[in-house]
Amino acid sequence: MKIITNIGCIGAGLIGQGWATLLSSKGYELILHDINADILENALRKIRSNLEFLEANDFLGQEKTDTALKRIKTTMSLAEAVSNADYIQESVFDDYEVKKRLFREMDALAPKSAIIASSTSGLLMTRIQKKVTEPERCVLAHPYLPVHLMPLVEVAGGKQTSPETLAATFGLMQKIGKTPVMLKKEVPGYIVNRLQAALLREAIDLVDSGVASAEEVDRAFRMSVGLRSPLLGPLLRAHLAGDGIERFFENYAQSYRIRWESMATWNSISEQAADATINGVNEMEIVRTKSLEEIKKWRDKRVVDILRIIRESGNSEQHE
Ligand SMILES: NC(=O)c1ccc[n+]([C@@H]2O[C@H](COP(=O)([O-])OP(=O)(O)OC[C@H]3O[C@@H](n4cnc5c(N)ncnc54)[C@H](O)[C@@H]3O)[C@@H](O)[C@H]2O)c1
């Protein structure tokens, strides 16, 4: 199995900062690169605050914030960031032209054995890797925000990605404490963002068609499906709901057909639905009384509480 010690993090925005926080906390030496000096400086402040948050919540183990921070170097030079890297995690703007150019540059500058992974949420690796000399080492490793807290990383290859690259990326993600999920083929939105997109469309439609307020739609979700979602995905949920998946389909096929027939199928949001959602969200109590930053801090604190429960009870993959 490929040994990975040095990492290049390309792009120091929200996602790059999260990767740098996590990787440095797990003992990896890394060089963080961005084309903007102010962003790099700000990223170091944000990474320190992320690490302090992890330390304060007992998520750093034996590590200390200062020790982890010492493992991070910053640079405006792409060559410096990738020329000694075993693994490169790219997190720049989600734009084909930007990523295609950058992947060609990284491919030329990095050691031949290095893996080059993209954090992209919306683009296909098959297109990004097309003009790269060694496309088999290019892969998707898609995280969720906040990257240093959320366990999931979706790993997927483009058409030319090698099985060895997929396995090594998957292994690295496991080693840094992530829960990687391997896709058998790439598809826009991977798994979770497709599920989220289906849910979001229906949530918007419920608000727009006057079934419930935005506050009530979110509350209904949180206090039911949301509450058990660290344990049950939609498919195991159906197995339990039907007393067996076969019986579920026998018993609920008709009622699901009626639901599906009455549900929204639009592909681009109307101005009216957007306005209704914007008004509804702005009327939510938490949005009226807290700033965005305060809500994010509250979210991260609560996510840590939930992760601690999962960690202390084994983990949600353990079915004792
Ligand atoms: N924000 C999310 O919720 C989220 C979640 C998962 C994955 N992603 C993906 O992660 C990537 C980064 O997203 P983000 O939210 O961190 O964006 P961001 O705008 O916060 O950061 C992007 C950074 O890339 C830098 N950059 C742009 N071109 C560059 C180049 N050629 N070389 C080096 N640096 C460059 C910018 O200066 C900026 O600091 C995107 O591909 C996005 O799809 C985003």
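The values are calculated or read from the model by the stated rules, or taken from the named source; none is laboratory data. None of the values given here were measured: they were computed from a predicted structure. Reconstructed Cβ throughout: ideal geometry from the backbone, glycine too, with neighbour counts over all protein chains shown. Surface areas here come from the heavy atoms of the whole protein model, side chains and all, with no ligands, DNA or RNA. Shrake-Rupley method; radii C 1.70, N 1.55, O 1.52, S 1.80 Å.
When the listed pairs Lys26/Lys297; Lys2/Lys46; Lys130/Lys185; Lys73/Lys99; Lys99/Lys159; Lys64/Lys184 are checked against a 27 Å cut-off, the alpha-carbon distance exceeds it for Lys2/Lys46; Lys64/Lys184. Placing Leu307, Leu40, Leu231 in order of accessible area, with the largest value first and a 1.4 Å probe, yields Leu231, Leu307, Leu40. When each of the peptides 187-195, 23-31 is scored by how many other beta carbons lie within 10 Å of its residues on average, the order from highest to lowest is 23-31, 187-195. Note on Lys131: aspartates and glutamates with a C-alpha under 15 Å away, same-chain residues under 8 apart excluded, are Glu97, Glu105, Asp107. Once the Cβ-Cβ distance between Glu29 and Ile269 is put in as r, and R0 is 45 Å, what FRET efficiency do you end up with, to the nearest 0.05? Calculated transfer efficiency: 0.55. The charge dipole of the chain, taken about its Cα centre with unit charges on the Cβ of Lys, Arg, Asp and Glu (plus for the first two, minus for the last two), comes to roughly 720 debye. Over the chain, Cα pairs under 8 Å with separation of 6+ residues give a relative contact order of 12 percent.
With all protein chains in place and ligands, DNA and RNA left out, the 1.4 Å accessible area ranks Glu52, Glu186 as Glu52, Glu186, largest first. Per-residue surface analysis assigns Lys100 an accessible area of about 50 Å², computed on protein heavy atoms at 1.4 Å probe radius. When peptides 42-49, 60-67 are ranked by their average number of other Cβ atoms within 10 Å per residue, the highest-first order is 42-49, 60-67. A probe of 1.4 angstrom, applied to the heavy atoms of all protein chains, finds Met182 with accessible area near 80 square angstrom. Cα gyration tensor of the stretch 227-320, axes a ≥ b ≥ c as square roots of the eigenvalues: rounded (a/c below 1.5), prolate (a/b > b/c) or oblate? Since a/c reaches 1.5 but b/c is at least a/b, the shape of the stretch 227-320 is classed as oblate. Comparing Leu149, Leu292, Ile204 along the charge dipole axis of the chain, the residue lying farthest to the positive side is Leu149, per the Cβ-charge model.
Only one residue of Leu14, Gly61, Ala274 has its Cα farthest out toward the positive end of the dipole of the chain, where Lys and Arg carry +1 and Asp and Glu -1 on Cβ, and that residue is Gly61. Taking every protein chain into account, the 1.4 Å probe leaves Arg247 with about 110 Å² of accessible area, to the nearest ten. Taking all protein chains together, Phe170, Phe248, Phe221 sort by accessible area into Phe221, Phe170, Phe248, largest first [probe 1.4 Å].
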